[in-house]
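Chemist: Structure in structure tokens, see below.
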Amino acid sequence: MADPFPQDPARRTVALVLAGGRGGRLTPLTDARSKPAVPVAGQYRLIDVAMSNLAHSGLRDVWVVEQYRPFTLNQHLAGGRPWDLDGTRHGLRILPPAEGRTEEGFSAGNGHALFQQLPLLEAFGARTVVVLSADQLYELDLGPVLEQHRERGSELTMVTTETDEDPSRFGVVQVDGDGAVTDYAYKPEEPNGRLVAAEVFVFDVAALARVVRGLVEEQDDPEGTSLGDYGETILPRFLEGSRVHEYRLEGYWRDIGTLEAYYRAHMELVEQRGLPLDRPDWPLLTNAESTPPAWIDAEATVRSSLVSAGCRIHGEVEYSVIGPGVVVEAGARVSRSVLLGDATVPAGAVLETVIADVGAEIPTGRSGGPGGADGAEVANRLEGDGEGSGELTVLVPADRGPGGPDETTGD
């Protein structure tokens, strides 16, 4: 039998995208799909950010670790085709939960997921692994990150950024004047500063294997389930003697692991403060559906909004993101809202500070804002973060809920 991983120096770096989490803080948007498959910025999905950064950075071996509701995500990934990652020797590889070896089964956290993939990384001959999640909006060329990692002889490079959010939601990092990481605190109650890990890590594979296997041996845990989240176990252990440096990410970075952050990121887009979507040298690539251009009626009013292909706008839209296939009827008004797709806003409806999932049933009358929702199916209502009217309403399809069907796409 031919060697499935023939000798090839180009495979020395593997990107491992951790895409198996449920994303409970984004429920109900993650009731019918995994978090990386959640629509974002109209025509995209959240995983497009990580995949596009990797493709533009020239990384050709991209492995996606899946677990929770992978169906919609796999439809969208389409074997890696949208990012030119559909090769034979290199390209996209899907890593579902597996049985038949010690590291088998569902992962008990992202640290456990890293442990499960170590044998495959070693068999592949990878010297370096880029570990990243699919929860953030940012642009990053990984070429300079990898170059610094090699030049400094790092065993771990943490991509860091200054956050304007609550740093206690993240891993808080301390560095010295030379860029060496001196401390890492995972979601501390009293964070020391605003420098946080941007959830992109470059590991030396041999060092990762040494640290991870040392931890499981200490715990007498051959299956590795005690590793939990790598921020609680693996990263702190690296700081006990390994060469760890930061790479500072300048520019926009937004974690959208909560409904409030998801909404805020979209309001930043329509206010031209968010993730750039129009860079010709760094486009956000996606598996786009074949849909006609948007139609804006002569009597419609559209201000400061993103309107996706396949939409028909007859009413009023302002400061909103309108996903594919949405119809806004004459006499309807949409303000500071995010409509993910395939929904009709009927005449007489007023949406203000609303997230409407794909296929949501939108009632007439007011939904969201200071007046609440008249007869709407409100899946969740949260206090806002200062954007819009201060109360965020989420509308979902009538059949949506835990245990329900997966979202299907036309991809």
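Chemist: Under the rule a/c < 1.5 gives rounded, and otherwise a/b versus b/c splits prolate from oblate, where does the chain land using the Cα gyration tensor?
Modeler: Here the chain falls in the prolate category.
Chemist: Is the range 170-210 best put as rounded, prolate or oblate by its Cα gyration tensor, with a ≥ b ≥ c the root eigenvalues, rounded for a/c under 1.5, and otherwise prolate when a/b is larger than b/c, oblate when not?
Modeler: It comes out prolate by the Cα gyration axes.
Chemist: Please find, in a Gaussian network model of the chain (springs between Cα atoms separated by less than 10 Å), the residue of G310, G153, G341 whose mean-square fluctuation is greatest.
Modeler: Top of the fluctuation ranking is G153.
Chemist: Let me ask something else about it. Label-point separation (nm) for S290 and E147, each offset 7 Å from Cα along Cα-to-Cβ?
Modeler: So the label points at S290 and E147 sit 4.1 nm apart.
Chemist: Pick out which of R210, R279, R89 has the largest mean-square fluctuation in a Gaussian network model of the chain, springs linking Cα atoms closer than 10 Å.
Modeler: R279
Chemist: To one decimal place, what Kirkwood hydrodynamic radius in Å is obtained for the range 208-296 from all pairs of distinct Cα atoms?
Modeler: Kirkwood radius, the range 208-296: 17.8 Å.
Chemist: Ok, one more. Nearest 500 deg cm²/dmol is fine: what mean residue ellipticity at 222 nm does the chain get from its DSSP H runs of n ≥ 4 alone, each adding -39,500 (n - 2.57), divided by its residue count?
Modeler: Result for the chain, helices only: -5500 deg cm²/dmol.
Chemist: With angles folded into 0 to 90 degrees, how steeply does helix 47-56 sit against the dominant principal axis of the chain? Use alpha carbons for both and round to 10.
Modeler: Roughly 60 degrees between the two axes.
Chemist: Rounding to the nearest 10 and keeping the result within 0 to 90°, find how far the Cα-based axis of helix 110-124 lies from the longest principal axis of the chain.
Modeler: Helix 110-124 and the main axis of the chain meet at about 60 degrees.
Chemist: Counting every Cα pair in the range 31-157, what percent are over 27 Å apart?
Modeler: Here the long-distance tail beyond 27 Å is 19 percent of all Cα pairs in the range 31-157.
Chemist: Calculate what fraction, in whole %, of the accessible area of the range 124-264 sits on carbon and sulfur atoms when a 1.4 Å probe is rolled over the protein chains.
Modeler: For the range 124-264, the apolar C and S fraction of the accessible surface comes to 40 percent.
Chemist: With θ set to phi - 60°, apply the Karplus curve 6.51 cos²θ - 1.76 cosθ + 1.60 along the range 190-207 and write out the HN-Hα couplings as whole Hz, x wherever there is a Gly or Pro.
Modeler: Ordered by residue, 3J(HN,Hα) equals 10, x, 9, x, 10, 7, 10, 6, 8, 6, 10, 10, 10, 10, 6, 4, 5, 5 Hz.
Chemist: What length, rounded to one decimal in nm, is gained on full extension from W282 through to Y252, with 0.36 nm per residue of separation minus their alpha-carbon distance?
Modeler: Separation in residues times 0.36 nm, less the Cα-Cα distance, equals 9.4 nm.
Chemist: Starting from the coordinates of the alpha-carbon atoms of the range 92-218, obtain the Kirkwood hydrodynamic radius over all distinct pairs and give the value in Å to one decimal.
Modeler: Evaluated on the range 92-218, it is 16.3 Å.
Chemist: Something else about it: Considering amide H positions built from the backbone, and no H for Pro or chain starts, which residues 5 or more places from E391, or on another chain, come under 5 Å of its amide H?
Modeler: Excluding prolines and chain starts, which carry no amide H, the hits are G369, G384.
Chemist: Just to compare against my own numbers: the Cα pair-distance distribution for the range 274-334, 10 Å bins, whole % per bin, please.
Modeler: Per 10 Å bin, starting at 0, the Cα pair percentages come out as 22, 47, 26, 5, 0.
Chemist: Exposed loop GluC sites (Glu not before Pro) only (DSSP loop, at most 12 other Cβ atoms within 10 Å): please give the longest stretch of the chain free of them, not including the sites.
Modeler: With GluC sites (Glu not before Pro) excluded where exposed in loops, the chain gives 300-411 as its longest stretch.
Chemist: Determine the gain in length on full extension of the stretch R303-A330; use 0.36 nm per residue of separation and subtract their C-alpha separation, reporting nm with one decimal.
Modeler: My answer for the length gained is 8.2 nm.
Chemist: Quick check of the Kirkwood formula: for the range 249-372, what is the inverse mean of 1/r over all pairs of different Cα atoms, in Å?
Modeler: After inverting the pairwise mean of 1/r, the radius is 15.0 Å.
Chemist: A further question follows. What length, rounded to one decimal in nm, is gained on full extension from T182 through to Q272, with 0.36 nm per residue of separation minus their alpha-carbon distance?
Modeler: Going from the current span to full extension adds 28.8 nm.
Chemist: Taking amide H positions as placed in the peptide plane 1.01 Å from N, state which residues far from V200 in sequence (5 or more) or on other chains have amide H under 5 Å from it.
Modeler: Residues meeting the criterion, in which the H sits 1.01 Å from N, are V159.
Chemist: When Lys and Arg each count +1 and Asp and Glu each count -1, what net charge do the other residues less than 14 Å away from G177, Cβ to Cβ, add up to?
Modeler: So the environment of G177 carries a net charge of -2.
Chemist: Quick one: compute the contact order of the chain, relative version, from alpha carbon pairs under 8 angstrom and 6+ residues apart, as a percent.
Modeler: It rounds to 16 percent for the chain.
The values are calculated or read from the model by the stated rules, or taken from the named source; none is laboratory data. What you see is a predicted model, and the numbers here were worked out from it, not measured in a lab. Neighbour counts are summed over all protein chains in view; Cβ atoms, including those assigned to glycine, are modelled from backbone coordinates with ideal geometry. Heavy atoms of the whole protein, side chains included, go into the accessibility calculation; ligands, DNA and RNA do not. Shrake-Rupley method; radii C 1.70, N 1.55, O 1.52, S 1.80 Å.
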